[in-house]
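> Encoded as structure tokens, here's the structure I'll be asking about.
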Amino acid sequence: MQFAEQKITTGKYLLRFLKFLVTPGSIGRLKSLLTTRPSDEMSMIDYLERHAQECPDAIAIKFEDRQISWGELNAKANQMAHYFQSRGVKYGDRVALNVENRPELLFAVSACLKLGAIAGMVNTGQSNEALAHSLRLIDPSLVVVGSECLGNMETVSDILEAQHADKLLYIADGTNAGPPPNYQDLMALVVEQSAENPTPTQTLTLGTPIFYIFTSGTTGLPKASITTHMKVFRAGLQFGVNVMSLTPKDTYYCSLPLYHSNALVVGFGSCLCSGATLALRRKFSASQFWEDCIKFEATAAIYIGELLRYLLAQPERESDRAHNVTRVLGNGLRPDIWMQFKNRFGISRVHEFYGASEGNTGFVNIFNFDKTVGWSPQFGKAWHVVAYDVDADEPIRGDDEFLQPMNVDETGLLIMRINEQNPFNGYTDAQASEKKILRDVFEKGDAWFNSGDLVVLQKHGHIQFGDRIGDTFRWQGENVATTEVESVIMKWPEIEDAVVYGVTVPGRDGRCGMLYLTQKEAGQIDLNGLAAHMRENLPPYAVPRFIRIGQKVDVTGTFKFQKSKLKNAAYHVDEVDDELFLLARDAETVEALTADVQSKIDGGDIRL
């Protein structure tokens with residue numbers, strides 16, 4: 001079956017909106033999403049305990065050759081919670097969790113939730129300064145470490161010995177030997193604990209913080225964003241039930257790390273709200289993705305855009321369509337590969353969404369239109385798009401000192417109103433939180449969350465992602481959106497990865513475009529053909545003038561490009577070991593960028 005692209009038209013929008021409204025329970029769920037408050041006395045643990053009571057033998061987690069029922073998940077979480085309590089952990093305390101994707105991590109996460117404690121989700125790839133920084137931000141009462149992460153923990157052994165020596169708990173991985181010195185075997189300690197539901201020291205509400213989820217750290221050390229029960233509730237109910245139509249008969253496949261919001265908040269949260277099974281893989285594998293979906297009998301999957309591109313780069317296999325996955329949900333899917341992905345793998349529903357770990361409003365492609373981030377209710381009240389000066393790197397204020405709303409089809413800064421219904425929980429760092437707040441936006445005293453993203457305002461409360469502030473740059477008086485340029489470049493068949501960014505050039509205003517690329521196959525790449533392709537499909541100001549050919553693009557654990565390192569090295573010959581090339585504005589061909597050529601560029605002798 002070939003899927004035809006679905007355009008957003010008023011008629012189709014109204015039909016799909018009406019179809020959504022007549023879906024059983026949809027109006028009640030939408031009302032819950034719009035009317036719940038942080039003070040409401042409920043929590044995500046209510047769902048876990050209800051599943052454990054009503055369907056204890058139903059499968060909650062599939063992992064490798066293991067199946068964990070809702071009853072077992074709840075019992076294991078209870079035993080851990082009772083042990084944590086015996087160690088003094090109480091409401092509001094933090095527990096650092098440094099464990100890769102496996103059921104034991106969700107036991108520990110759920111144990112924290114039951115006590116009103118906060119699970120500090122450590123990035124399992126961190127070591128040295130970044131890991132030390134994360135532990136400082138969590139300030140944990142206990143530190144839970146999987147044996148697979150001991151190597152990284154050894155890089156901060158001095159901090160562990162000085163500050164956490166009596167807090168270290170170990171979870172073996174498979175047939176690993178016992179814990180190393182200074183660690184206690186957590187799974188052995190919880191065996192004798194009660195499997196009954198514990199009682200937290202304070203009543204849990206939707207406003208109770210439950211996770212510290214760290215930003216990717218693409219521009220510096222990570223920040224710890226605070227996630228509450230309310231955010232997981234909204235994500236689970238809206239994304240999991242309303243959008244993905246998950247039920248207890250579904251299996252939701254997740255190969256993203258649980259320290260990331262997509263996996264933990266959206267993936268696990270959706271399964272809690274719907275009763276669906278969460279199928280976990282320890283780490284993403286492009287070659288095993290569809291084989292896993294077949295093995296686990298998955299009907300849905302969660303993604304990051306780059307993950308889907310890696311799947312498309314794989315050789316075609318029988319498993320491409322031998323699975324039962326009919327819908328996927330995630331963010332970052334590039335428009336240029338959207339239809340290619342749907343048609344190759346037989347995916348009828350792609351539900352792209354927009355959200356941030358620290359954000360207070362989300363968007364989702366609930367009506368299954370192609371190439372759109374989707375819809376969020378209460379346009380103008382809960383969120384808006386305003387004019388932004390890329391050159392000055394700040395929103396534009398009018399003569400009345402207020403921000404200026406954009407019209408449909410215009411690009412601007414996405415902002416989200418901060419109020420009781422949509423609180424901004426921010427980061428553990430109060431100063432960092434304040435920097436994300438815009439005040440006196442449309443009236444004196446109002447406050448809005450600055451998403452840091454430029455989006456295109458579409459009809460009917462939809463938006464299309466444009467670019468990250470800082471990624472978009474200004475050159476020759478025009479704004480250059482790197483994602484749009486990357487989408488054009490990725491159509492060149494020899495390219496595996498393309499990262500576009502702006503670099504400063506002495507004596508020139510703005511930033512000039514630079515392209516970092518990797519090849520699908522080793523060998524000589526047709527750079528002149530690529531140059532012609534870019535010139536044919538991009539305006540002159542958007543064509544990257546500098547080209548760097550590398551071996552691998554550095555990405556974070558959540559598949560985000562590390563552009564800061566590339567920007568810092570720029571086109572400086574003495575700082576870059578890779579091949580560098582120049583596509584001058586008036587040149588017909590690409591030339592090697594040598595120290596002599598760089599000198600001419602810096603001196604203003606070459607027109608860019």
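Only the coordinates and a few stated rules stand behind these numbers; no lab work does. Keep in mind the model is a prediction, meaning the values are calculated, not measured. Note: ideal-geometry Cβ built from the backbone for every residue, glycine included; neighbour counts use all protein chains shown.
> Residues in region 460-489, backbone N under 12 Å from the label point at ILE396 (7 Å along the Cα-to-beta-carbon vector): list them, ranges by number please.
Once the point is set 7 Å along Cα→Cβ of ILE396, 479 turn out to lie under 12 Å by backbone N, inside region 460-489.
> Going by average Cβ density within 10 Å per residue, which order do the peptides 105-114, 310-319 take, highest to lowest? Mind dumping the intermediate values first?
Details: 105-114: 25.3, 310-319: 12.6.
Going by the mean number of other Cβ atoms within 10 Å, highest first, we get 105-114, 310-319.
> I need to check one value: relative contact order of the chain, counting alpha carbon pairs closer than 8 Å and at least 6 residues apart, in percent. Present the calculation step by step, with values, prior to reporting the outcome.
Numbers: 1251 pairs, mean separation 62.2, N = 608.
RCO, the chain: 10 percent.
> What distance in nm lies between label points placed 7 Å from Cα along the C-beta direction at GLN551 and ARG37?
For GLN551 paired with ARG37, the spin-label model returns 5.9 nm.
> Work out the FRET efficiency for ASN407 and LYS249 from their Cβ-Cβ distance, taking R0 = 51 Å, and round it to the nearest 0.05. Mind dumping the intermediate values first?
Numbers: r = 44 Å, r/R0 = 0.87.
The calculated FRET efficiency here is 0.70.
> Once you've got the Cα coordinates, tell me which of LYS76/LYS223; LYS223/LYS436; LYS563/LYS600; LYS12/LYS459 are over 20 Å apart. Intermediate values should be presented prior to the final figure.
Values: LYS76/LYS223 30 Å; LYS223/LYS436 12 Å; LYS563/LYS600 26 Å; LYS12/LYS459 12 Å.
Violating the 20 Å Cα-Cα cut-off are LYS76/LYS223; LYS563/LYS600.
> Cα axis of helix 527-537 to longest principal axis of the chain: angle in degrees, 0 to 90, nearest 10?
For 527-537 against the chain, the angle is about 90 degrees.
> Tell me, LYS12, LYS231, LYS62 in order of fewest to most beta-carbon neighbours within 10 Å?
On the way: LYS12 13, LYS231 30, LYS62 23.
If I rank by nearby Cβ atoms, fewest first, I get LYS12, LYS62, LYS231.
> Right, another one. In the P(r) worked out for region 36-357, what percent of Cα pairs fall beyond 36 Å?
Details: 8068 of 51681 pairs.
Of all Cα-Cα pairs in region 36-357, 16 percent lie more than 36 Å apart.
> Taking a ≥ b ≥ c as the square roots of the Cα gyration tensor eigenvalues, with a/c under 1.5 meaning rounded and otherwise prolate when a/b beats b/c, else oblate, which class fits region 197-253? Working shown, then result.
Working: a/c = 2.41, a/b = 1.17, b/c = 2.06.
Cα axes put region 197-253 in the oblate bin.
> Using every alpha carbon pair in region 474-602, what percent of pairs falls into each 10 Å bin from 0 up to the bin containing the largest distance?
Percent of Cα pairs in each bin: 12, 48, 36, 4, 0.
> Follow-up question, since we're still on this one. Tell me the mean residue ellipticity at 222 nm calculated for the chain from its helices only (DSSP H runs of n ≥ 4, each -39500 (n - 2.57), averaged over every residue, nearest 500).
Values: 19 runs with 170 residues, N = 608.
About -8000 deg cm²/dmol.
> Computed FRET efficiency, Cβ-Cβ of LYS283 and PHE3, R0 22 Å: what is it to the nearest 0.05? If you can, show how the numbers build up before the last one.
Values: r = 30 Å, r/R0 = 1.36.
The pair LYS283/PHE3 has a calculated efficiency of 0.15.
> Quick one: 3J(HN,Hα) in Hz for region 141-146, Karplus 6.51/-1.76/1.60 with θ = phi - 60°, rounded, Gly and Pro as x.
After applying 6.51 cos²θ - 1.76 cosθ + 1.60, I find 7, 9, 10, 9, 10, x Hz.
> Can you list the aspartates and glutamates whose alpha carbon sits under 17 Å from that of LYS231, skipping same-chain ones fewer than 8 residues off?
Straight-line reach from LYS231, under 17 Å: ASP40, GLU41, ASP46, GLU358, GLU420.
> So in the chain, what percent of DSSP beta bridges are antiparallel if you round to the nearest 5?
Numbers: 55 of 96 bridges.
DSSP beta bridges in the chain are roughly 55 percent antiparallel.
> Here's something else I'd like to know. Quick one: grab the alpha carbon gyration tensor of region 39-120, order the square roots of its eigenvalues as a ≥ b ≥ c, and give me rounded if a/c is under 1.5, else prolate or oblate depending on whether a/b is larger than b/c. Display every interim value, and only then the final one.
Numbers: a/c = 1.97, a/b = 1.28, b/c = 1.54.
Cα axes put region 39-120 in the oblate bin.
> In degrees, nearest 10, range 0 to 90: what is the angle between the Cα axis of helix 44-54 and the longest Cα principal axis of the chain?
The helix 44-54 is inclined about 50 degrees to the chain.
> Which angle between 0 and 90 degrees, to the nearest 10, do you get for helix 10-21 versus the longest principal axis of the chain when only C-alpha atoms count?
10 degrees
> May I pose another question? If you take all C-alpha pairs in the chain, what percent of them are over 34 Å apart?
Numbers: 82617 of 184528 pairs.
Beyond 34 Å sits 45 percent of the P(r) for the chain.
> For a bin width of 10 Å, list the pair-distance distribution of region 374-468 built from all Cα-Cα distances, rounded to whole %.
16, 50, 32, 3
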